[in-house]
Structures are given as C-alpha cells and as structure tokens.
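The values are calculated or read from the model by the stated rules, or taken from the named source; none is laboratory data. Since this is a predicted model, take the numbers as computed values, not measurements. In this analysis, Cβ positions are derived from the backbone assuming ideal geometry, glycine residues included, and neighbour counts consider all displayed protein chains. Side chains included, ligands, DNA and RNA excluded: accessible areas come from the protein's heavy atoms. Shrake-Rupley method; radii C 1.70, N 1.55, O 1.52, S 1.80 Å.
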Amino acid sequence: MSMYKKICITNRHLVTGDYTEQIEKVLKTGVDVVILREKDLTETEYEELAVKVIDLCSRYGVVCMLHSFFGVALKLGHPYIHVTMEQARSLDMSDFIEVGVSTHSVDEAVEAVRLGATYITASHIFETKCKEGLRPRGIRYLTEVTEAVSIPVYALGGIIQSNVSDCIRAGAAGVCMMSEYMKM
C-alpha cells in the first residue's frame, strides 16, 4: 500500500472496450477508491450500473463512492457519496459514513468542511482535456487548500504519474485520475 490514496474517477466515454472489464482492470492495479461519476445517466440507469460496480469493488475490497446520485445511494443503503459543492449545501450528510465534495477554491474547501465533508477534491491542478481552455490552478493553489482544511484533500485534474509526487509534496492525501485509469 502506498503512502497516499489513489482514486479512480470513472468516465465510460473514455473506455474503448467493455466498461465492466475496464473497472476490474483498474481494481487490479491496487486503486484505493472508485468514484462512479457517470453524470449523464438517468437515475434508473445509474442505479443499475451502481449495483454492478459496488459489487465489483467489494470483491476487491475497494470503496465505491457514488457520485451526485445521493437518492440512489440512500435507496441502496450505500453510505459513500461524492457530491458537487452545490449539492453539499442541501445534503443531509449524516445519512452517509463518507461524503466527498468537489471544490474549486479555498473558500469552497473551508465551506465543505463546515458542512460536514469527510474529504474534498481540489481541482483542477494541471491542464486537462476535461477543462480545456481553463487555466489550471496549480500546485500553489493545492498547497493553499491543504493548509486551510483539516480533512484529506485529493488533487484532481491533469494528474499523471509524473506529477503525483508534486501533489503529495503540496500536502494532498492522494490523487484522483480519470484518463489514466479509463484508458489504460
């Protein structure tokens, strides 16, 4: 086990083969957490996929965080959710064991902690195709966030193996990667 957490954020549109096989391939790498971020699905479609991915993750002893669909998480009795900042402002976090919140500023990070988040993602750190044309916030921003909050902060956005150590040195508890896992 490494000294930092490795988090896979899913995006089935980046997968060239079978989605379930890709998730299993990711799980075999020793990833610590899978965030099931398939935002364009209907709630019913997401629930069907969530049941499969939760089962697969449990076979590997990996936490599966459902993303944004907190109604599905409640229905399934699944205590792990990751939400947007906007959702965090109206979510009863006491319904969950772990709640991650996506943040994009130091102020949002501090607010997420106040609202009860158990961890946050800070993004976007490096240039990424997901945020094409938007200037990355950089390592200095990541350091400011990690120094402003007392919960784990995970770096997100443009993370590749060659810049992971920069994120960890900046105080991140780990890193989130999408393309690195979905295209491997």
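Of all residues in the range 31-60, which are surrounded by 17 or more Cβ atoms within 10 Å (Cβ to Cβ) and either out of contact with any helix residue (DSSP H, G or I) (no Cβ under 9 Å at 6 or more places or on another chain) or modelled with pLDDT under 95 (or both)? Scanning the range 31-60 gives Ile35, Arg37. Checking each residue in the range 150-166 for being open to solvent by 20 Å² or more (accessible area, probe 1.4 Å) and of a type in the set (A, V, I, L, M) picks out Ile151, Leu156, Ile160.
Output the residue which, of all residues in the range 115-140 that are modelled with pLDDT of 95 or more and open to solvent by 20 Å² or more (accessible area, probe 1.4 Å), is farthest from Glu38 (Cα to Cα). Going through the qualifying residues, I end up with Arg140.
Ser102 meets the conditions (1) more than 26 Å from Thr29 (Cβ to Cβ); (2) of a type outside the set (Asp, Glu); (3) modelled with pLDDT of 95 or more in every case but one. The failed one is (1).
Would you confirm whether any residue within the range 126-141 is in contact with an Asp or Glu (Cβ under 8 Å, 6 or more places away or on another chain) and aliphatic (A, V, I, L, M)? Checking the range 126-141: at least one residue is in contact with an Asp or Glu (Cβ under 8 Å, 6 or more places away or on another chain) and aliphatic (A, V, I, L, M).
Just to be sure before I move on: is Lys52 more than 16 Å from Met182 (Cα to Cα) and basic (Lys, Arg) in the structure I sent? Even if it seems obvious, please write down each step before you answer.
On the way: more than 16 Å from Met182 (Cα to Cα): yes; basic (Lys, Arg): yes.
Answer is yes for this residue.
Within the range 4-32, take every residue that is assigned to a loop (DSSP other than H, G, I, E, B) and among the hydroxyl-bearing types (Ser, Thr, Tyr) and give me the one that is farthest from Tyr181 (Cα to Cα). Spell out how you get there, then give the answer.
Going through the range 4-32, the residues assigned to a loop (DSSP other than H, G, I, E, B) turn out to be 4, 10-11, 15-18, 28-32.
Add one more test, that the residue is among the hydroxyl-bearing types (Ser, Thr, Tyr), and what stays is 4, 10, 16, 29.
Details: Tyr4: 17, Thr10: 8, Thr16: 12, Thr29: 9 Å.
Top of the filtered list is Tyr4.
Out of the residues in the range 14-48 meeting the condition of being touching a strand residue (DSSP E or B) at 6+ places or on another chain (Cβ under 9 Å) and among the hydroxyl-bearing types (Ser, Thr, Tyr), tell me which one is nearest to Pro79 (Cα to Cα). Can you show your working first?
If we filter the range 14-48 for residues that are touching a strand residue (DSSP E or B) at 6+ places or on another chain (Cβ under 9 Å), which is where we start, we get 23, 26-27, 29-39, 46.
Still in the running and among the hydroxyl-bearing types (Ser, Thr, Tyr): 29, 46.
On the way: Thr29: 24, Tyr46: 16 Å.
By that ranking, first place goes to Tyr46.
Is at least one residue of the range 63-70 among the small types (Gly, Ala, Ser), within 25 Å of Ile159 (Cβ to Cβ) and open to solvent by 40 Å² or more (accessible area, probe 1.4 Å)? First the steps, then the outcome.
Residues of the range 63-70 among the small types (Gly, Ala, Ser): 68.
If we keep only those that are within 25 Å of Ile159 (Cβ to Cβ) as well, we get 68.
From what's left, open to solvent by 40 Å² or more (accessible area, probe 1.4 Å): none.
Scanning the range 63-70, I find no residue that is among the small types (Gly, Ala, Ser), within 25 Å of Ile159 (Cβ to Cβ) and open to solvent by 40 Å² or more (accessible area, probe 1.4 Å), so the answer is no.
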